[in-house]
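The values are calculated or read from the model by the stated rules, or taken from the named source; none is laboratory data. This one's a predicted model, so the numbers in the text were calculated from it and none came from an experiment. Positions of Cβ are generated from backbone atoms using ideal geometry, with glycine treated the same way; all protein chains shown enter the neighbour counts.
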Amino acid sequence: MKNDIGNKILNILDVIADILILFTILTMVASFVIGPYIVFNSSFGNGISGKVSEFYIFFIGLVLPFKAQMRTLFIFEWVIYLSIFTLLAVSGKKTLQIIFKNKFSSIEPLSNNLTASISIFSITIIIVLVIDWFQYNIGIETGNLPPMNPAELLCIISHAPLSEEIGFRLSIIGLFSLFLLKVWRKGISFIEYLVAPIPTLEKKIKDIEEKRRIVRTIFLPLIFTSGIVFGLAHIMPSSVWDVGKATEATFAGIMLGVAYVYYNIGVAILIHWAFNYYSNAIYIFEKNIYNIGLSTSVDTIIILLGIILITKILIKYLIFKEGE
């Protein structure tokens, strides 16, 4: 009886989640149009025309500064994000084309790399909001970015997903696990492994117990280390953030590490992109150029999706586990 009720609830939640994921995909596509408009076609974008700024690449604990023209770097990285978005849509156990063909009958969010990115992003948002609410109520400040030209802000926050996922996920988790596991002895391509650690290992390692041991002894410590370092990096002396940002960033970093290890670096980058670019591009456009009434809807949809997915997890692992 309990299982029947649980299945009915899950079916209803599946339908709602499918609709919310479709909406998120469509608004992500819209954000790809909105971002370049802000940077190249608005008065704010004209204000940074030709402006050169210093950016950073992080790699194995090293901070490598370089200078670039803001709008040129923005469009270069925009093309990379659009390429990642497209590749994720057609990769995983199912492609978006198959999902659309089946009329979104049970998307199975984690079966496609793009929908998995959206799912992990929405769940992470919920937990970060809970952390932020708790810290606010006990007087721990998170801080805010300083006021600046909106187009400049978008250029700056758009750079972080690439540089930080290379520096904190691919470097700390990917490279260190590569040497700890000595993957070359297993005949595994370095590049393939660094792009998708566990999916690549699964092609060579069939023993379930060995996989669990590798996750427990190598990946989990590196995921937590990466998350902690990522959190602390947000409150370095040169940072604009307050101490509360470290907690939020640490948890987000752990979730990004899980996404990288179990899926691939593209999924981790796109989740980070969703935090930095996706919602901010729409918000900046509506606040400074024209209010199309989308920003509030995006926030509501992402929060609702996260709540639904967390509820589904609780039903599956609490109600059904008890019935076994």
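Counting only residues that are farther than 20 Å from Ser177 by Cβ and among the aliphatic types (A, V, I, L, M), how many does the stretch 253-275 have? Spell out how you get there, then give the answer.
Within the stretch 253-275, the first condition is being farther than 20 Å from Ser177 by Cβ, and the residues that meet it are 270, 273-275.
Retained after the next criterion (residues that are among the aliphatic types (A, V, I, L, M)): 270, 274.
Of the residues in the stretch 253-275, 2 are farther than 20 Å from Ser177 by Cβ and among the aliphatic types (A, V, I, L, M).
Between a residue in the stretch 115-134 that is crowded, with 22+ Cβ neighbours inside 10 Å and any residue that is among the β-branched types (Val, Ile, Thr) and outside any helix (DSSP H, G or I), which pairs come within a Cβ distance under 6 Å, given they are 6 or more apart or on different chains?
Thr115/Ile107
When the residues of the stretch 283-294 are narrowed to those that are surrounded by fewer than 24 Cβ atoms within 10 Å (Cβ to Cβ) and in a helix (DSSP H, G or I), which ends up farthest from the chain's Cα centre (by Cα)?
Here the residue is Asn288.
What pairs come out if I take residues in the stretch 1-12 that are closer than 23 Å to Leu305 by Cβ and of a type in the set (A, V, I, L, M, F, W, C) and pair them with residues that are at pLDDT 70 or above and outside any loop (DSSP other than H, G, I, E, B) whose C-beta lies under 7 Å away, six or more apart or interchain?
Sorted first by the residue in the stretch 1-12, then by its partner, the pairs are Ile9/Ile315; Leu10/Lys312; Leu10/Ile315.
Only residues that are part of a helix (DSSP H, G or I) and either out of contact with any Leu (no Cβ under 6 Å at 6 or more places or on another chain) or crowded, with 24+ Cβ neighbours inside 10 Å (or both): list them for the stretch 254-265, please. Steps first, answer last, please.
Taking the stretch 254-265 as the starting set, the residues that turn out to be part of a helix (DSSP H, G or I) are 254-262, 265.
Across the stretch 254-265, the qualifying residues are Ile254, Met255, Leu256, Gly257, Val258, Ala259, Tyr260, Val261, Tyr262.
For the condition touching a strand residue (DSSP E or B) at 6+ places or on another chain (Cβ under 9 Å), within 22 Å of Ile254 (Cβ to Cβ) and in contact (Cβ under 8 Å) with a residue 24 or more places away in the chain, what is the one hit in Phe168, Phe219, Phe224, Phe176? Talk me through it step by step, then tell me what you get.
Working: Phe219 fails: touching a strand residue (DSSP E or B) at 6+ places or on another chain (Cβ under 9 Å); Phe224 fails: touching a strand residue (DSSP E or B) at 6+ places or on another chain (Cβ under 9 Å); Phe176 fails: touching a strand residue (DSSP E or B) at 6+ places or on another chain (Cβ under 9 Å).
Answer to the selection: Phe168.
Would you point out which residue out of Phe251, Phe219 is over 21 Å from Ile57 (Cβ atoms), buried (at least 19 other Cβ atoms within 10 Å of the Cβ), modelled with pLDDT of 95 or more and aromatic (Phe, Trp, Tyr)? Steps first, please.
Values: Phe251 fails: buried (at least 19 other Cβ atoms within 10 Å of the Cβ).
Phe219 is the lone residue from the list that is over 21 Å from Ile57 (Cβ atoms), buried (at least 19 other Cβ atoms within 10 Å of the Cβ), modelled with pLDDT of 95 or more and aromatic (Phe, Trp, Tyr).
Residues Ile269, Ile313, Ile308: which one is under 17 Å from the mean Cα position of the chain (by Cα), in a helix (DSSP H, G or I) and hydrophobic (A, V, I, L, M, F, W, C)?
Ile269
Looking only at the stretch 138-149, which residues are within 25 Å of Phe40 (Cβ to Cβ) and either among the polar types (S, T, N, Q) or buried (at least 23 other Cβ atoms within 10 Å of the Cβ) (or both)?
Step one: filter the stretch 138-149 for residues within 25 Å of Phe40 (Cβ to Cβ), giving 145-149.
The answer is Asn149, and nothing else.
Mind checking which residues of the stretch 222-246 are charged (D, E, K, R) and surrounded by fewer than 18 Cβ atoms within 10 Å (Cβ to Cβ)?
Filtering the stretch 222-246 for residues charged (D, E, K, R) gives 242, 245.
Passing the criteria: only Asp242.
Out of everything in the stretch 76-112 that is of a type in the set (Phe, Trp, Tyr) and modelled with pLDDT under 90, what residue ends up being surrounded by the fewest Cβ atoms within 10 Å (Cβ to Cβ)?
Residues of the stretch 76-112 of a type in the set (Phe, Trp, Tyr): 76, 78, 81, 85, 100, 104.
Now restrict to residues that are modelled with pLDDT under 90: 100, 104.
Values: Phe100: 11, Phe104: 15.
That would be Phe100.
I'd like the full set of residues that are among the hydrophobic types (A, V, I, L, M, F, W, C), closer than 30 Å to Leu175 by Cα and surrounded by fewer than 12 Cβ atoms within 10 Å (Cβ to Cβ), limited to the stretch 31-75.
Of everything in the stretch 31-75, those that are among the hydrophobic types (A, V, I, L, M, F, W, C), closer than 30 Å to Leu175 by Cα and surrounded by fewer than 12 Cβ atoms within 10 Å (Cβ to Cβ) turn out to be Ile60, Leu62, Leu64, Phe66.
Would you say Ile302 is among the aliphatic types (A, V, I, L, M), surrounded by 21 or more Cβ atoms within 10 Å (Cβ to Cβ) and either modelled with pLDDT of 95 or more or assigned to a helix (DSSP H, G or I) (or both)?
Spelling it out, Ile302 is indeed among the aliphatic types (A, V, I, L, M), surrounded by 21 or more Cβ atoms within 10 Å (Cβ to Cβ) and either modelled with pLDDT of 95 or more or assigned to a helix (DSSP H, G or I) (or both).
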